[in-house]
Amino acid sequence: MNIHEYQAKRILKEFGAPVAEGRPVYTAAEAEAAAKELPGPLYVVKAQIHAGGRGKGRFKEPEAGEKGGVRLAKSPEEAAAFARQMLGKTLVTKQTGPEGKVVGRIYIEDGSDIARELYLSVLVDRAVGRIAFIASTEGGMNIEEVAEETPDRIVTIHVDPATGCMPHHGRRVAKALGLDGALAKECAGLVAALYRAFVEKDMSLLEINPLIVTKDGRLRVLDAKAGFDSNALFRHPDILDLRDASEEDPLEIRASEFDLSYVKLDGNIGCMVNGAGLAMATMDIIKHYGAEPANFLDVGGGATKEKVTEAFKIITSDPGVKGILVNIFGGIMRCDIIAEGIIAAVKEVGLEVPLVVRLEGTNVELGKKILSGSGLAIIPADDLEDAAQKVVKAVGWGTE
Ligand code: ADP
Ligand code: MG
């Protein structure tokens, strides 16, 4: 689960990180009032969406003006004018995809005098099973290019979970960021605070880009992006409260209500699979045969008929889906129950696209018999390869 920049900054402030003063607002009038409460003389008007690249992003609507989603205002009145232009408009950035995201709230922040922009993030490095700090002197809006063109300018520092974050981690991050003297000391304090926030709040990602050195020689968190491990959210009701459903895909929200692991993707073959590993393999083989999956969907090992029906409804309500591949291994779950679930779902929601079903495992013969006797236009498949080829062919992407 992701949260907005201003919410992430509020959390970091609680842990002692240096952040500027600011207020979230929902209207232009609130923006003006908020700016009047800040020290000034410059106010930054920042669109709050769950995506980065706002500064370089552009709005779809011409009324929103030529500028991006981060604007510098010289007066509270100008801050209000920028907020009015941005609210309710669609901001398109490198991270939103071409459809963009509608701006529903704005963060008004006190302007900072920037001397240098640095990059610092904390993440779980799964390859080594440790939390890592990623640091670079090349912070700001071009970090993706730095990663691509000059990856040696990005330094990774791992933390051993047995010791936790130690003073030497702070010193190493400071060095990687080119900081010395009082700034290095400040950086070490920040590193300790970020680590504590990351662990205590069960974050999966914390990215500060940029972390700035101000002209008067202080560090400040200027942008913050925080993501949380959804498996741990049950122990953080305060974080769950920060959820902004308007930022999430409605199908993904519905899937989570039914305890289905669903991620929407851009392809046109809808997949219904049980088990994350099998789901990944199914997506791979679809790609192997030249098409793209429309989603990742794991109905789980103990899926019920109701879950299968719901999963089917979610897949078919995505207008991008031009064919469906059901790939189920009946272990705990018997194939005949799956077959009945599929039939019930098709009868309820109808079937407008080709449906290929591959069943394997417990009661597979009975499951196949139920499907073929249903009178529905279901394309049976013998194995995964056969199933992938059939569905790719059915949507007209095959190489044959
Ligand atoms: P994004 O990463 O989504 O583009 P940022 O918050 O990083 O958004 O802002 C983009 C750029 O805007 C920053 O790199 C910085 O140069 C400038 N900026 C952001 N906030 C402030 C601020 N409070 N004061 C001055 N400049 C800012
Ligand atoms: Mg940024």
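The values are calculated or read from the model by the stated rules, or taken from the named source; none is laboratory data. Predicted model, so just to flag it, every value in this text is computed and none were measured. For neighbour counting, all protein chains shown are included, and Cβ atoms are generated from backbone atoms with ideal geometry for every residue, glycine included. The accessibility values were calculated without ligands, DNA or RNA, using every heavy atom of the protein model including side chains. Shrake-Rupley method; radii C 1.70, N 1.55, O 1.52, S 1.80 Å.
Compute the separation of the alpha-carbon centres of the stretch 1-65 and the stretch 83-141 and state it in Å as a whole number. After rounding, the separation between the Cα centres reads 11 Å. Backbone phi angles across the stretch 242-251, fed through the Karplus curve with coefficients 6.51, -1.76 and 1.60 (θ = phi - 60°), yield HN-Hα couplings of 7, 4, 10, 4, 5, 8, 9, 5, x, 5 Hz in residue order; Gly and Pro are listed as x. Using only side-chain charges placed at the Cβ, +1 for Lys and Arg and -1 for Asp and Glu, the dipole size of the stretch 250-394 relative to its Cα centre rounds to 260 debye.
Just so you know, the averaged projected area of the alpha carbon convex hull for the stretch 114-239 sits at 8.2 nm².
Quick check on the stretch 244-400: what are the equivalent-ellipsoid semi-axes from the Cα gyration tensor, as sqrt(5λ), descending, whole Å?
Value: 21, 19, 14 Å, ordered largest first.
Gain on full extension, evaluated as 0.36 nm per residue between Asp383 and Asp284 minus their Cα-Cα distance, stands at 34.2 nm. Projecting the Cα atoms of Val155, Ala182, Val213 onto the charge dipole of the stretch 114-239 (Cβ charges, centred on the Cα centre) puts Ala182 farthest toward the positive pole.
For the stretch 280-400, lysine pairs with C-alpha atoms less than 17 angstrom apart, excluding pairs fewer than eight positions apart on the same chain, total 12. Couplings for the stretch 290-306, taken from phi via the Karplus curve 6.51 cos²θ - 1.76 cosθ + 1.60 with θ = phi - 60°, read x, 10, 10, x, 8, 6, 9, 9, 10, 7, x, x, x, 4, 9, 4, 5 Hz in order; Gly and Pro are left as x. Calculated on the alpha-carbon coordinates, the convex hull of the stretch 21-110 measures out at 74 cubic angstrom per residue. Compared with the alpha-carbon gap, the fully stretched path from Phe234 to Ala29 is longer by 70.1 nm at 0.36 nm per residue.
Taking amide H as placed 1.01 Å from N in the peptide plane, the amide H of Thr27 sits under 5 Å from none that are at least 5 places away or on another chain. Charges at C-beta only: +1 for Lys and Arg, -1 for Asp and Glu. How large is the resulting dipole of the chain about its Cα centre, in Debye rounded to 20? I would put it at about 640 debye. Placing dummy labels 7 Å off each Cα toward the beta-carbon, the span from Thr137 to Lys94 is 2.1 nm. The HN-Hα couplings worked out from phi for the stretch 160-173 by the Karplus form 6.51 cos²θ - 1.76 cosθ + 1.60 (θ = phi - 60°) are 6, x, 5, 9, x, 6, 10, x, 5, 5, x, 5, 5, 5 Hz, whole numbers, x standing for Gly and Pro. Each 10 Å bin from 0 upward holds the following percent of the Cα-Cα pairs of the chain: 5, 19, 24, 21, 17, 10, 3, 0.
When the Cα positions of Ala83, Pro39, Val128 are compared along the charge dipole of the chain, Pro39 comes out farthest toward the positive end, with charges on each C-beta of Lys, Arg, Asp and Glu.
Within the assembled protein chains, the solvent-accessible surface assigned to Arg130 is about 90 Å², based on a 1.4 Å probe. Distances between placed amide hydrogens fall under 5 Å for Leu118 paired with Gly139, Leu211, Ile212, Val213, all partners being 5 or more residues away or on another chain.
Could you sort Thr90, Thr362 by accessible area so the largest value comes first, with the probe set to 1.4 Å? Numbers along the way, then the final one.
Details: Thr90 20, Thr362 60 Å².
Of Thr90, Thr362, the descending order of accessible area is Thr362, Thr90.
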